[in-house]
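Quick note: the coordinates plus some simple rules give every number you see, no bench work behind them. Computed from a predicted structure; not experimentally measured. Quick reminder, even Gly has a Cβ in these numbers, built from the backbone with ideal geometry, and neighbours come from all protein chains shown.
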Amino acid sequence: MITTPRGLRAVCLFLIGAAGFAAAADPFYERLLRDGSSAYNRRDYQTAVRLFRVACFGLLEEPEALADGLVRLGLSQAAAGDADGFRDTFQRLVEVEDRFQGYTRAATPKEMREAYEKFVVSNVPGATLVSSPSFARLVPKPEERLARLSARELRSELEKLLAAEPKEPKWHLMASSAALKEGDTDTAREQADAVLALSPGNKEALRLRGLALARDKKWAQASADLKASGAATTDPQAAESLLRCLVQLELWQDATALAAQFPPSIRKQSAIVELAGRADAELAKAKAAAAKPTLAPTRRATEKPSPKPTAAKTTATPTRTATPRPTTKPATPTATPRPTSTAPPAPAPKVSPTVVSLTSPPMPFGDELARAEELAAQDRLAEAFAVAQGVADAHPESAEAQHATAEIAYRGARWADSVAYFRRGGDPGVTQPLRLFYFAVALYEYGDRPNAAATLQRCLPRIKNTGYVEQYRRKILGQ
């Protein structure tokens, strides 16, 4: 029983009746082709088969005309349900094509070719098609075949393919995509990681892993992957996920810049409109806050080793005194050390003690960094970062400006920004062990565990091993 694609018999009926015949060597055979088409149109398929077979016998000396006749004969056999006859005729056509390119050069109308090739795909084994260079293109690609399977069938088929070809990236990518559709973000990330291990920098693997991380609300890591994939300006799903990551990280300027790059088809989507609107509003607030007059550096909280630090800073602050900066000891005896009221020595303790030394950055931006620290001490981290970022971007040559911005980014869990500004400012060095610790944590949360481990090992001997430090030590070093 021959497999007939739905609606194809009617199409073939029309095409054979309407198509012009290839030029035959003899008018007799041309008449046979015409009579065969008439019989086909009357649904007298057996007569059509007989007439086309005789016509093809007389066209043996004309490869192009013969190929056209064989196509018509095959269509008639398919309509008659003669599967064996159809396959035999196809084998004859393959021989004519392989020897003379008769099928390629034949004047067979395009519509008739498409109808015939659909019968070929449905009724000729794939191995037979692959053996012919001209017809191998008709074999469905594995990706196309898998795309037609149900989720359950696809999962089972991919397991077999991965077992047979564990180093084939396309199977891992398909498995990652399928897992993502089913909401299995762990498997999606694992399969994407497998691809990146085989092919570092693979754009599709980065996109899939970024989407999975975004669903798990790992905003910093997701944004890094999605940016690296470059898919945000073409793929609506990646665009929304990356924009959401930037909004959740309160990177308002980056978010508004990204939204402006979207094509109209993506920009008009409701989720994009909502996220971009929020980023615009928050960026306007941050700019307004940055434009306010600089506060007088009263430093109400500057006697502390850390201005409103995160948990890591709270636990590690005792080692601040190990850095080559003013220690916290001069700040403690506030009432006692006044035996000499001579003018020069007295003002120094009031001006110097801060968590981030402001002695290295030259004017005019020292006050702005001080203001950023004041805002951070008040837990106004978004405003603090906006101010510090403005200074760091305006003065990329200042390592202190970069490190101060990176530290504020760390406090606000802006891991990608923290890593970026630490790297721009250069390695803080063992003389600043707390900043090394912040850098290590940011690298880990950003997804760069090897560099995080190397950085952490350098600072551990110089900071107090509190519960918070121990927690990250175990995460990063796996000990």
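Annotations for the structure displayed:
- Fraction of alpha-carbon pairs over 16 Å apart in region 170-251 - percent: 42
- Start at zero, step by 5 Å, and the Cα-Cα distances of region 397-479 spread as 3, 18, 29, 27, 17, 5, 1, 0 percent across the bins.
- Computed from the C-beta positions of residue 260 and residue 228, the FRET efficiency with R₀ = 22 Å rounds to 0.65.
- Taking 227, 141 and counting other C-beta atoms within 10 Å, the order from fewest to most: 141, 227
- Hydrodynamic analysis of region 232-291 uses the Kirkwood radius over alpha carbon pairs. Inserted into Stokes-Einstein at 20 °C and 1.002 mPa s, it gives a translational diffusion coefficient of 190 µm²/s.
- Cross-link pairs exceeding 28 Å between alpha carbons, from the set 141/227; 118/203; 227/285; 110/181; 118/268: 141/227; 118/203; 110/181; 118/268.
- Chain lengthening between residue 101 and residue 393 when straightened (0.36 nm per residue, less Cα-Cα): 98.6 nm
- Pairs of alpha carbons in region 8-139 separated by more than 22 Å make up 27% of all such pairs.
- Anchor residue 167: aspartates and glutamates whose Cα lies under 17 Å away (excluding residues fewer than 8 positions away in-chain): 143, 157, 159, 190, 193, 204
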